[in-house]
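*Asks:* Mind having a look at this structure? Questions to follow.
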Amino acid sequence: MKKVVKFGGSSLASAEQFKKVASIIKAEDTRRYVVPSAPGKRFASDTKVTDMLYQCYDLVEAGKDVTPLLGKIESRYEEIIKGLGLKLSLREEFVKIKEDLLNKAGEMYAASRGEYLNGMILADYLGFSFVDAAELIRFHEDGTLNAEKTNELLKESLSAIEYAVIPGFYGSFEDGSICTFSRGGSDITGSLVAKAIHADMYENWTDVSGFLVVDPRIISNPEIIEVITYRELRELAYMGASVLHEDAIFPVRKEGIPINIRNTNSPEDKGTLIVESTCRKSRYTITGIAGKKGFASINVDKDMMNSEIGFCRKVLSVFENNGLSIEHMPSGIDTMTIFVQQSEFEEKEQQVISGIHRSVQPDVVEMESDLALIAVVGRGMKQTRGTAGRIFSALAHARVNVKMIDQGSSELNVIIGVKNSDFETAIRAIYDIFVTAQI
């Protein structure tokens with residue numbers, strides 16, 4: 001059995017955290033390939049190393065002395081090395097980093113050094129081989145991942161190495177210059193490594209014990225999602241739930257490799273298992289609740305709309321021509337409602353309204369602003385009668401007026417529209433009826 005384990009910045013912020021990570025890795029010899037992030041915050045007011053490296057780049061670009069800040073970063077790493085009792089020295093690495101920055105190596109090079117240096121320390125501490133991601137992760141000239149070449153390089157290199165540390169977040173262009181993923185890109189590196197070595201599991205270690213059923217800023221100490229499918233995860237992520245970097249999901253999903261979200265500070269917790277499909281029943285009827293504020297709705301009403309060929313296409317083309325993406329589009333026999341991001345729509349609302357009138361000659365066009373959308377997601381809803389009724393009942397009891405309800409044909413999710421002011425109340429009511437009532 002082979003596992004790829006990725007550790008986030010908070011998991012590697014100090015020597016104490018490094019020791020926890022090493023203990024986790026050594027607990028199972030199946031944890032053979034490790035992908036580290038750069039050191040995160042040690043405490044609330046601390047600064048992430050990656051942010052400090054971006055500042056280094058800005059100083060060089062402004063023609064200012066970068067030495068004091070680089071010295072501060074070096075001290076941060078020396079503190080970790082000393083705390084681990086290692087003989088490793090990064091002095092020459094920092095001399096080279098300064099030289100490269102002054103020679104305009106670029107912003108992405110600067111940002112990548114956090115993972116690079118952390119990878120060197122972790123490999124030394126574990127006794128694993130250090131493999132520079134720049135040699136294995138390849139990007140096209142336009143900055144997009146060269147997935148085929150990357151998979152080929154990872155397979156070839158790692159097949160000969162039993163235990164390795166591969167820094168996350170960055171790779172290189174064909175000319176050898178550094179290119180990074182967007183923030184959170186270490187998740188992607190871990191996923192790519194897992195795919196290439198045909199891992200049995202991709203463990204993603206962070207500072208929470210898995211995904212939560214609902215935003216903890218709305219519900220105090222919400223329940224953990226034990227098992228979630230990729231489709232459910234996609235629905236929740238789309239509606240604003242804080243989950244894995246989206247691009248980190250596709251490589252392992254394609255290979256059927258499960259992802260396990262675990263907590264470095266509570267390694268005994270099972271965390272959340274993300275799978276392609278499962279016969280396991282959800283603990284609750286729903287898997288999760290997520291939502292976003294700041295929408296506007298445009299309701300187009302016209303008698304006999306359903307018999308007018310091309311009606312919906314003509315309306316949607318108005319939004320397309322104005323560069324507006326559509327979030328949801330529930331419809332009736334003589335009405336269709338389009339939900340859009342209010343901030344984007346406000347500047348173009350009059351062009352859209354006039355465009356709709358010209359295109360389809362509606363009887364009425366009405367708009368409503370300051371709306372929120374809430375997604376109630378769960379594979380268990382398909383087998384459970386009365387899910388929508390329970391949602392309506394809970395919202396009615398909480399005195400929340402429902403502006404829209406839309407259920408997908410897969411019966412995997414229900415989308416509810418409410419006023420922004422009712423957003424938190426609605427989520428609490430839904431959580432209480434499906435989760436709290438069953439605990």
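*Asks:* By how many degrees, between 0 and 90 and to the nearest 10, does the Cα long axis of helix 387-397 differ from the longest principal axis of the chain?
*Replies:* 80
*Asks:* Now for a separate question. Using θ = phi - 60° and the Karplus form 6.51 cos²θ - 1.76 cosθ + 1.60, what ³J(HN,Hα) does each residue of the range 26-35 get, whole Hz, x for Gly and Pro?
*Replies:* Karplus-based 3J(HN,Hα) across the range 26-35 equals 6, 5, 9, 6, 6, 7, 9, 10, 10, 10 Hz.
*Asks:* Could you give the distance between the Cα centres of the range 6-80 and the range 246-299, to the whole Å?
*Replies:* First find each Cα centre; the distance between them is then 27 Å.
*Asks:* Another question, if that's okay. Give me the 1.4 Å probe accessible area per residue for the range 118-218, excluding ligands and nucleic acids, in Å².
*Replies:* Counting only protein heavy atoms, the per-residue value for the range 118-218 is 39 Å².
*Asks:* Report the gain in length on full extension from N103 to E346: 0.36 nm times residue separation, minus Cα-Cα distance, nm rounded to one decimal.
*Replies:* Result: 82.9 nm gained on full extension.
*Asks:* With n ≥ 4 as the cut-off for DSSP H runs, can you work out [θ] at 222 nm for the chain, using -39500 (n - 2.57) per run divided by the number of residues, rounded to the nearest 500?
*Replies:* The helix-only estimate for the chain comes to -11500 deg cm²/dmol at 222 nm.
*Asks:* For the range 378-439, what does the accessible surface come to per residue with a 1.4 Å probe? Please give it in Å².
*Replies:* I get 51 Å² per residue for the range 378-439.
*Asks:* Over the range 1-75, what is the relative contact order in whole percent, taking alpha-carbon pairs under 8 Å and six or more residues apart?
*Replies:* In percent, rounded to a whole number, it is 29.
*Asks:* Just need the relative contact order of the range 146-226 here, percent rounded to a whole number, with Cα pairs under 8 Å and 6+ apart.
*Replies:* In percent, rounded to a whole number, it is 22.
*Asks:* Taking 30 Å as R0, compute the FRET efficiency from the Cβ-Cβ separation of E92 and S159 and round it to 0.05.
*Replies:* 0.50
*Asks:* When only C-alpha pairs under 8 Å and at least 6 residues apart count, what is the relative contact order of the chain, in percent?
*Replies:* The value is 13 percent.
*Asks:* Cross-link list K41/K149; K96/K270; K314/K382; K302/K419: which exceed 30 angstrom alpha carbon to alpha carbon?
*Replies:* K41/K149; K96/K270; K314/K382
*Asks:* Step through the residues of the range 331-336 one at a time and calculate ³J(HN,Hα) from phi using the Karplus curve (6.51 cos²θ - 1.76 cosθ + 1.60, θ = phi - 60°), rounding each to whole Hz and writing x for Gly and Pro.
*Replies:* Each residue of the range 331-336 in turn: 8, x, 5, 10, 9, 9 Hz.
*Asks:* So who's got an amide H within less than 5 Å of the one on K2, skipping anything under 5 residues away but keeping other chains? H placed 1.01 Å off N, in plane.
*Replies:* Counting only residues 5 or more places away or on other chains, the set is D200, M201.
*Asks:* For the chain, what proportion of DSSP beta bridges, expressed in % and rounded to the nearest 5, is antiparallel?
*Replies:* That works out to approximately 65 percent antiparallel.
*Asks:* Provide the net charge surrounding I261, with neighbours chosen by a C-beta distance below 13 Å and charges set as Lys +1, Arg +1, Asp -1, Glu -1.
*Replies:* -2
*Asks:* What net charge do the residues around I274 carry, taking every other residue with its C-beta under 15 Å from that of I274, with Lys and Arg at +1 and Asp and Glu at -1?
*Replies:* Net charge in that neighbourhood comes out at +1.
*Asks:* Considering only protein heavy atoms and a probe of 1.4 Å, how much of the accessible area of the range 48-191 is carbon and sulfur, as a whole percent?
*Replies:* 47
*Asks:* Taking R0 as 45 Å, what's the FRET efficiency between H397 and N322 from their Cβ-Cβ distance, rounded to 0.05?
*Replies:* Taking R0 as 45 Å, the efficiency between H397 and N322 is 0.65.
The values are calculated or read from the model by the stated rules, or taken from the named source; none is laboratory data. As the structure is a computational prediction, the values presented were derived from the model and not from experiment. Note that each Cβ is placed from the backbone with ideal geometry, even for glycine, and that neighbours are counted across all protein chains shown. With ligands, DNA and RNA removed, areas are computed over all heavy atoms of the protein, side chains included. Shrake-Rupley method; radii C 1.70, N 1.55, O 1.52, S 1.80 Å.
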